[in-house]
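Visitor: Pasting a structure below so you can have a look.
The values are calculated or read from the model by the stated rules, or taken from the named source; none is laboratory data. Treat the numbers as computed from the prediction; the structure is a model and nothing was measured. Glycine gets a Cβ as well: all are built from the backbone with ideal geometry, and neighbour counts include every protein chain shown.
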Amino acid sequence: MPKSTMLDVVSPSKKDCADTTEHLEAFHDLLSTLARALDVRDVFDHLSVAADRIVPHDEANLALLTDDGSRFQMFASTGPPELLCREDRCILRDMSRARLFDPGSGYARGLRSGVSAPVRIEDQPIGVLALLSRRPAAYSTGDLTLVQRLADYVAVALSHQRLAEAARLAAVERERAANLEASVELLRAIAGVLDIRTVFPQVSEITNKVLPHDRMTMAFYDRDDVIVEAASNDEFPELKRVKLGGSDTLDAEFRVIDDLTQETLPILEPADLQARLVAAGYRSWLSVQTSVRDQRMGLSF
């Protein structure tokens, strides 16, 4: 029986250290990739590349439970997801533990072996991460711990994504509530007056909560003449009538100019109006038109 040499004893240890270092670096890269994303789907390909340095694979899949928990849906994949996960026929259904599995329908694409691990948030399983290989018996029980750790990283990213989505929805709800409050406030402001011009600055102030602006005007249209009836401030007090240029201006329900220094207002007279607006510091313009009975009218911001 040959004697063991020092090289025989030391070499495996060096290899194990090298593997451990590579895994740590790959997990670090994986964490950096996930930290940059608000949606795991946007970085799933990059996630797969980083994970391949830890557990080599040819395809990665992430299947999540639907909100009612009744079935699975493929959330992200580096391959054709419909072959592995079709509603209740998803082969990634087992969320009890990390496991080795047979890809089944993946054979048509040359996939021969797979390993998966449950994805949990607050100890509740929400899905499964699966890695597949074209090599038969590519995975062993030694890979289960690594795949589970990968799944745990994905769970953190999904949790972050859900928090970001909840924050976005909360912001939308706050904006909706603010719009509703402003609408009620606007109705109160105009309900008790016979002439809206008397409260127009107040109307502008309320409108500013949902549509920020520096000046607001109300006008009535007489063919291509615009008669300015009210303004939110005292700038341009002499501006009472404006002549439009082009019939398409009247046809447009909305008109937006992003930069008054680059685009031309659809106004013929006063000829110097745009230059005066720019000189006063105004840079953008929005016009909204509507009809009250047979009278065409509009608001400009």
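Visitor: Among the helices (runs of 4 or more DSSP H) confined wholly to region 187-294, which include 1 or more residues that are touching a strand residue (DSSP E or B) at 6+ places or on another chain (Cβ under 9 Å), at pLDDT 80 or above and surrounded by 15 or more Cβ atoms within 10 Å (Cβ to Cβ)? First the steps, then the outcome.
Guide: Values: elements: 200-207, 248-251, 273-279.
In region 187-294, 200-207, 273-279 are the helices (runs of 4 or more DSSP H) which contain 1 or more residues that are touching a strand residue (DSSP E or B) at 6+ places or on another chain (Cβ under 9 Å), at pLDDT 80 or above and surrounded by 15 or more Cβ atoms within 10 Å (Cβ to Cβ).
Visitor: So which residues in region 286-301 are of a type outside the set (Asp, Glu) and more than 15 Å from Phe200 (Cβ to Cβ)?
Guide: Initially, region 286-301 is screened for residues of a type outside the set (Asp, Glu), giving 286-293, 295-301.
Within region 286-301, Leu286, Ser287, Val288, Gln289, Thr290, Ser291, Val292, Arg293, Gln295, Arg296 qualify.
Visitor: Right, another one. Might you check whether a residue that is assigned by TED's automatic domain parsing to the domain that holds Asp45, among the aromatic types (Phe, Trp, Tyr) and modelled with pLDDT of 75 or more occurs anywhere in region 103-118?
Guide: The answer is no, given that none of the residues of region 103-118 is assigned by TED's automatic domain parsing to the domain that holds Asp45, among the aromatic types (Phe, Trp, Tyr) and modelled with pLDDT of 75 or more.
Visitor: Here are Leu84, Leu64: which of them is at pLDDT below 80 and hydrophobic (A, V, I, L, M, F, W, C)?
Guide: The unique qualifying residue is Leu84.
Visitor: Please identify the pairs in which a residue from region 44-69 that is under 16 Å from Tyr139 (Cβ atoms) has its Cβ atom under 9 Å from the Cβ atom of a residue that is polar (S, T, N, Q) and in a helix (DSSP H, G or I), counting only partners at least 6 apart or on another chain.
Guide: His57/Ser48; Glu59/Ser48; Ala60/Ser48
Visitor: Criterion first (touching a Ser or Thr at 6+ places or on another chain (Cβ under 8 Å), in contact (Cβ under 8 Å) with a residue 12 or more places away in the chain and outside any loop (DSSP other than H, G, I, E, B)) does Ala130 satisfy it?
Guide: Numbers: touching a Ser or Thr at 6+ places or on another chain (Cβ under 8 Å): yes; in contact (Cβ under 8 Å) with a residue 12 or more places away in the chain: yes; outside any loop (DSSP other than H, G, I, E, B): yes.
When the stated conditions are applied, Ala130 passes them.
Visitor: Which is at pLDDT 85 or above and either closer than 25 Å to Gln161 by Cα or out of contact with any helix residue (DSSP H, G or I) (no Cβ under 9 Å at 6 or more places or on another chain) (or both), of Arg135, Arg93?
Guide: Result: Arg135 is the single residue among Arg135, Arg93 that is at pLDDT 85 or above and either closer than 25 Å to Gln161 by Cα or out of contact with any helix residue (DSSP H, G or I) (no Cβ under 9 Å at 6 or more places or on another chain) (or both).
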